[in-house]
């Protein structure tokens, strides 16, 4: 390989004012390429590297506060040099036992974070404990009233005897039972979403999600009871409305009492999802069957009104359940995306 020197470049370069005066022409890559028309790229690169003019280096006079590699600059304070040495020194500096050339691996297995579980939440446990105590005291105070309601529900007593056993909590026990029932359904639906949808909540707190569920279920029970009262007020007389209202409140309280031990089993016992589904389905069918029977017995009680009865029950019971299911599912997906 022929490498052209500076003198060769001067002789082969075209004549200009600089070459005519006898002075050396400035370095030019174009001149080197013109003098080697048949050179390969590697030969041309070697020629350019060989003819690079020397460059003068100007070192910075400012202090090197970052301790960069290379020539050290002057420090403004005497203590800066000792501080910079600390950056390159470690705990095992100049220790004969330190062997950085040996590659060591830490034995063991990588851990995986455990998912959120209701049984490990102290707030959920405290809330269920308070609900249990409240239900016990509620049953204790309205026990006589519940006995008469049970006889009335089974057609073993007249409705007039109910007014003789009024208590201070008679007008509010249905509201309290609805609130506890909404809490229990919220926990059950959260367990369903955690198992089926494989929730990754991210920054969304489980308590916030359960709170939204409680609000939805409270609105669901309130709207459904309002629709029942509105439709019954139009098509039925006051006596039937009162009997049906007493039976509906009694069924709400009964569902709360029966669902509470089932919820404790689902939360604190590691049972399979299919067994939990079967238990909830049996309880749900039992309560809705009683409601279906009492609605037909009180409001219709006639085989000729069978079509109207199914329209009534589907419009006020089946359709609201489908709507609350769709609402809770979409609410869960939206909250996960937002947070």
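The values are calculated or read from the model by the stated rules, or taken from the named source; none is laboratory data. Since the structure is predicted, the reported quantities are computational estimates derived from the model, not experimental observations. In this analysis, Cβ positions are derived from the backbone assuming ideal geometry, glycine residues included, and neighbour counts consider all displayed protein chains.
Tell me the residue from 251, 264, 277, 218 that is in a helix (DSSP H, G or I), assigned by TED's automatic domain parsing to the domain that holds residue 310 and without any contact (Cβ under 8 Å) to a residue 12 or more places away in the chain, please.
277
Quick one: would you say residue 271 is more than 23 Å from the chain's Cα centre (by Cα) and assigned to a helix (DSSP H, G or I)?
No, not satisfied.
Restricting to segment 95-137, what's the tally of residues that are modelled with pLDDT of 80 or more and within 36 Å of the chain's Cα centre (by Cα)?
20
Inspect all residues belonging to segment 226-233 and state whether any of them is surrounded by fewer than 12 Cβ atoms within 10 Å (Cβ to Cβ) and not in a helix (DSSP H, G or I).
Among the residues of segment 226-233, not one is surrounded by fewer than 12 Cβ atoms within 10 Å (Cβ to Cβ) and not in a helix (DSSP H, G or I), which makes the answer no.
Output the residues belonging to segment 177-215 that are modelled with pLDDT under 80 and either in a helix (DSSP H, G or I) or buried (at least 20 other Cβ atoms within 10 Å of the Cβ) (or both).
Matches in segment 177-215: 194, 195, 196.
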